[in-house]
1. Taking all pairs of different Cα atoms in the chain, averaging 1/r and flipping that mean, what Kirkwood radius in angstroms comes out?
2. Run down the aspartates and glutamates and flag those whose C-alpha is under 19 Å from the C-alpha of LYS41, throwing out any fewer than 8 positions away in its chain.
3. Using Cβ counts within 10 Å as a stand-in for footprinting exposure, how do ASP142, ASP180 rank, fewest first?
4. Using a 10 angstrom cutoff on alpha carbons, build the Gaussian network for the chain and name the most mobile of PRO167, PRO265, PRO341.
5. Using the number of other C-beta atoms within 10 angstrom as an exposure proxy, rank GLU25, GLU276 with the fewest first.
6. Which one of ALA119, ALA363, SER28 is farthest out on the positive end of the charge dipole of the chain, using unit charges on Cβ (Lys, Arg +1; Asp, Glu -1) and the Cα centre as origin?
7. Which trypsin sites (Lys or Arg not before Pro) from region 278-383 combine a DSSP loop assignment with at most 16 other Cβ atoms within 10 Å?
8. What percent antiparallel are the DSSP beta bridges of the chain, to the nearest 5?
Amino acid sequence: MGKYTVLFLLITTSSFVHHKEIGIEHNSFTNAEALHGFYTKLVALQNNTKGTVSIVHIGDSHIQAGFFTGVVRKNLQGKFGNAGRGFVFPYKIANTHGALDIRFRYTGAWQSCNIMKNAASCNIGAAGFTVTASPNASFTLDATSKTDGTAHFNKVTLLDNYGSFLPINARGNFSSQKLDRHTVIYFDECQDSLLFKPAYEQRGMPELQGLILGNGQNGILYHAMGINGSSTVQYLKSLGFENQIRDINADLVILSFGTNDTYMPTSSFCATCVKERYAAIIDRIRAANPDLPILLTTPADHYYLRKYSNKNLKSLIDAMYELCCEKNIALWDLNAVMGGPNSIVTWRNQGWARGDLIHFTEAGYQKQGDMLYDAIMHHYQSQ
């Protein structure tokens with residue numbers, strides 16, 4: 001056998017092992033038919049090049065970091081068009097972190113609440129956070145200095161209560177429209193950075209639950225909303241998430257919880273309880289929008305206390321498969337795509353997962369984003 005033949009066999013064998021390790025053969029959706037309405041709109045967008053398709057992706061720390069969802073957003077916008085950066089939130093005001101491509105600065109005194117700590121003290125929407133301004137407060141949004149210059153915008157939707165926030169240094173002219181649960185600001189020139197100050201109503205200090213940046217172009221809007229440490233327990237404390245999802249005009253909702261729902265001793269875990277909470281979330285979304293397609297993603301493989309493969313994952317994932325039929329939703333089994341039980345160790349050894357055996361490196365989140373995009377496109381090709 002020649003040396004080139006041996007080299008070819010080594011390469012193909014290595015590729016096969018790598019392929020099996022990360023479970024690519026599982027990279028498709030269960031009950032993809034439940035996403036028919038979403039795919040119909042994607043096809044129309046591709047054929048007519050008019051309008052937007054809006055995706056809302058909600059989850060825990062894997063989503064809040066922005067690496068995973070940022071890859072999905074960029075891939076979809078590269079295929080179908082870039083309609084804007086979508087949802088952003090001034091996480092810095094709430095003393096936490098968010099995506100690195102959007103920068104916020106602020107002045108003055110602010111109060112914040114979130115579904116993890118003090119949900120009962122204020123209104124909380126789909127993002128799980130609310131910040132409340134004082135009379136001396138302001139914030140600056142910078143959308144382009146950390147990007148390739150493609151995040152400029154000419155429309156801002158502020159998800160607000162009790163007044164709003166208006167720009168004071170806009171390029172050109174703008175007009176604003178105050179609606180029931182949000183304010184829309186239109187600009188006659190594209191913006192890349194804005195300073196906002198509060199505009200008050202007599203009912204109280206203005207609250208902000210997020211901003212949506214649009215550029216008036218056709219294509220994809222991808223709204224990522226994550227809360228570190230959150231589970232289905234906390235997310236149900238958000239009293240207005242279903243109305244906000246409707247106001248955003250979502251064409252698809254992706255729910256990515258489960259890690260924190262399962263992170264406990266097996267003796268304390270109740271898969272049926274988590275399933276019921278997922279069902280309650282789905283029912284609330286469907287109450288506001290009965291035909292909205294929903295995709296669940298299973299939690300990634302991880303270890304409990306860095307020592308033990310989390311045995312709770314299988315029972316939760318089995319319950320999530322049951323929900324596919326019971327609620328007519330789709331499921332992406334990220335756990336299987338990773339390679340199944342103990343695959344988090346392989347991912348760590350490849351440099352894709354962190355030493356806590358829960359979270360991922362930037363490269364690992366980027367790989368997950370590529371895989372979710374590939375799964376979306378796998379079913380799109382059959383439309």
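Derivation of every value follows stated rules applied to the coordinates shown; laboratory data play no part. In this text the structure is predicted, and so the values were computed from the model without any measurement. So basically every Cβ, Gly included, is an ideal-geometry build from the backbone, and we count neighbours across all protein chains shown.
1. On the way: mean 1/r = 0.0460 Å⁻¹.
One decimal place: 21.8 Å for the Kirkwood radius.
2. GLU33, ASP247, ASP251, ASP291, ASP374
3. Going from least to most buried by this count: ASP180, ASP142.
4. PRO265
5. Listing GLU25, GLU276 from fewest to most nearby Cβ atoms yields GLU25, GLU276.
6. Selected residue: ALA363.
7. Details: sites: ARG284, ARG286, ARG306, LYS307, LYS311, LYS314, LYS327, ARG348, ARG354, LYS367; in loops: ARG306, LYS307, LYS311, ARG354.
Loop-located and lightly packed - ARG306, LYS307, LYS311, ARG354.
8. Just about 70 percent of them are antiparallel.
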